[in-house]
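All of the numbers you see were taken from the coordinates with simple rules; none came from a lab. Keep in mind that this is a model prediction, so the values were computed, not measured. Quick reminder, even Gly has a Cβ in these numbers, built from the backbone with ideal geometry, and neighbours come from all protein chains shown.
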Amino acid sequence: MARPEKAAAVERIRQQMAESQAALLTEYRGLTVAELRQLRGQLRSDATYAVVKNTLTKIALREAGVEAMDETLTGPTAIAYVHGDAVAAAKALREFARAHHALVVKGGIMDGRALSAAEVTRLADLDSREVTLAKLAGVVKAPLVQAAYMFTASAAKAVRTIDALREKQASAA
């Protein structure tokens, strides 16, 4: 590759890293083209998956201020640039790796910080954004439901008491 082409490739990688919420690095050695296409399809809603050159990626990461990735960038490397939910992308990679043992998650970058493969696995173990928001909504809603019940409980008890008195009067008459 000529020097201007390499500089443009480095800039493209750096820009994709800057625009992404996270970048998950994988080794794809042994996967067929059809399997890579399948993986790209599974990641489509949350990430784009691209094969990269290690030396150019190292330069782009250094320019972006991310260190400690040199040992991760060995062998054939592809990066999932996450534009959606990072947890969902990590889960998709993990599930694909379970079905296709040739895919190996090597690490990642999130918020300008390098992640190990174990940290990416822990990221995949988290609940998705939607599940977390639903749990939060439940936590916020629970006290409101309890308060509403308390406000209506005394009125309901009074109605039941009056109804019982009325039935008692009707049966006595």
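Remarks
- Helix runs (DSSP H) in the chain reaching 18 Å along axis by Cα, Kyte-Doolittle at least 0.0: 86-99, 129-172
- Pairs from the table (91/141; 106/135; 91/135) lying more than 27 angstrom apart at Cα are 91/141; 106/135.
- Ranked list, fewest to most other Cβ atoms within 10 Å of each Cβ, for 12, 37: 37, 12
- Proximal charge balance of residue 6 [Cβ under 11 Å; K/R count +1, D/E count -1]: +1
- Residue exposure proxy: 161, 77, 57, 121, ordered by other Cβ atoms within 10 angstrom of their Cβ from fewest to most, comes out as 161, 121, 77, 57.
- With kT/(6 pi eta Rh) evaluated at 25 °C and eta = 0.890 mPa s, and Rh the Kirkwood radius from Cα pairs, the stretch 118-173 diffuses with a coefficient of 159 µm²/s according to Stokes-Einstein.
- Geometric extent, Cα atoms of the chain - Rg, Dmax (angstrom): 27.5, 106
- Residue order, fewest to most surrounding Cβ atoms within 10 angstrom, among 96, 151: 151, 96
- In this structure, the amide hydrogen of residue 115, modeled 1.01 Å from its nitrogen in the peptide plane, lies closer than 5 angstrom to those of 108, 109, 110, counting only residues at least 5 positions away or on a different chain.
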